[in-house]
Amino acid sequence: MKTILTLIGALGLLGWSLTAGAQPDAPARQKAAVCAGCHGEDGRGANPLFPKLAGQNAKYLGRQLRFFKEQTRDVPAMNAIAGTLSDEDIRLLSEYYARQKPRLEEGEGSPEGKRIYRAGIAAKKVPACMACHGPDAEGNGLAGFPLLKGQYVAYTVKALSDYASGVRGEAKTPMRDIAARMSEEEMKAVATYLATMK
């Protein structure tokens, strides 16, 4: 009898710990439901024009959500959604998406894109992307530089084009000058390399 009671107690404790372990994501998952329409379940992608969020570092995500909330970054749909978020909501969502596993794209990479990512374009004074985003394009969480690996080609090209035109980013961000020195073909090459990077 004592053994049975011990077993029941242990199973109860296990059940409690599993439930407790699942609970921290519950509020964030609830908040993330509205994001799924554009960014996919768990932020793993749904539409090539919108970024994948899964695996993105929390510091970068938090900063972008604050930019949307303050309308420093002008994307009407995101401005409206972020405008309803509290600082705590932003923290929960950013940390939730950072914990998710990213999904890579299938297909052939680009040798030119790999060269640009790893060595830059000296003639145009474009530095190697890996200097800030890391050799595996996983970003730099402490600095808030984003994960690029596995991102949609169309989205990465749009992001680079927006930096180049000054539509995106703070005035002081180096990405504006860097992207402005790149041709559309070079942007596509880097984006293709990143999307299929293993």
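The values are calculated or read from the model by the stated rules, or taken from the named source; none is laboratory data. Just so it is clear, the model here is predicted, and its values are computed rather than measured. Note: ideal-geometry Cβ built from the backbone for every residue, glycine included; neighbour counts use all protein chains shown.
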Near pairs, Cβ below 9 angstrom, 6+ apart or cross-chain, from region 171-188 (modelled with pLDDT of 95 or more) to any residue that is assigned to a helix (DSSP H, G or I) and surrounded by fewer than 15 Cβ atoms within 10 Å (Cβ to Cβ): Arg176/Ser165; Ala179/Ser165; Ala180/Ser165; Arg181/Lys124; Met182/Lys124; Ser183/Lys124; Glu186/Lys124
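For (1) in contact with a strand residue (DSSP E or B) (Cβ under 8 Å, 6 or more places away or on another chain); (2) charged (D, E, K, R); (3) outside the structural domain of Gly166 (by TED's automatic domain parsing); (4) at pLDDT below 95, each residue gets a yes or a no:
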{"site": "Gln56", "(1), (2), (3), (4)": "no, no, yes, no"}
{"site": "Leu85", "(1), (2), (3), (4)": "no, no, yes, no"}
{"site": "Gly120", "(1), (2), (3), (4)": "yes, no, no, no"}
{"site": "Ala137", "(1), (2), (3), (4)": "no, no, no, no"}
Test for Ala143: is it in the same structural domain as Gly169 (by TED's automatic domain parsing), on the phi > 0 side of the Ramachandran plot and under 16 Å from the mean Cα position of the chain (by Cα): no
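For region 33-128, list the helices (runs of 4 or more DSSP H) that sit wholly inside it and hold at least 1 residues that are touching a residue at least 60 places away in the same chain (Cβ under 8 Å), touching a helix residue (DSSP H, G or I) at 6+ places or on another chain (Cβ under 6 Å) and among the acidic types (Asp, Glu); which are they?
On the way: elements: 36-39, 58-70, 76-82, 87-99, 111-119.
Qualifying helices (runs of 4 or more DSSP H): 87-99, 111-119.
Looking at the structure I just gave you, is Glu70 surrounded by fewer than 14 Cβ atoms within 10 Å (Cβ to Cβ), over 30 Å from Glu186 (Cβ atoms), out of contact with any strand residue (DSSP E or B) (no Cβ under 6 Å at 6 or more places or on another chain) and of a type outside the set (Ser, Thr, Tyr)? Explain how you work it out, then say what you get.
Numbers: surrounded by fewer than 14 Cβ atoms within 10 Å (Cβ to Cβ): yes; over 30 Å from Glu186 (Cβ atoms): yes; out of contact with any strand residue (DSSP E or B) (no Cβ under 6 Å at 6 or more places or on another chain): yes; of a type outside the set (Ser, Thr, Tyr): yes.
Spelling it out, Glu70 is indeed surrounded by fewer than 14 Cβ atoms within 10 Å (Cβ to Cβ), over 30 Å from Glu186 (Cβ atoms), out of contact with any strand residue (DSSP E or B) (no Cβ under 6 Å at 6 or more places or on another chain) and of a type outside the set (Ser, Thr, Tyr).
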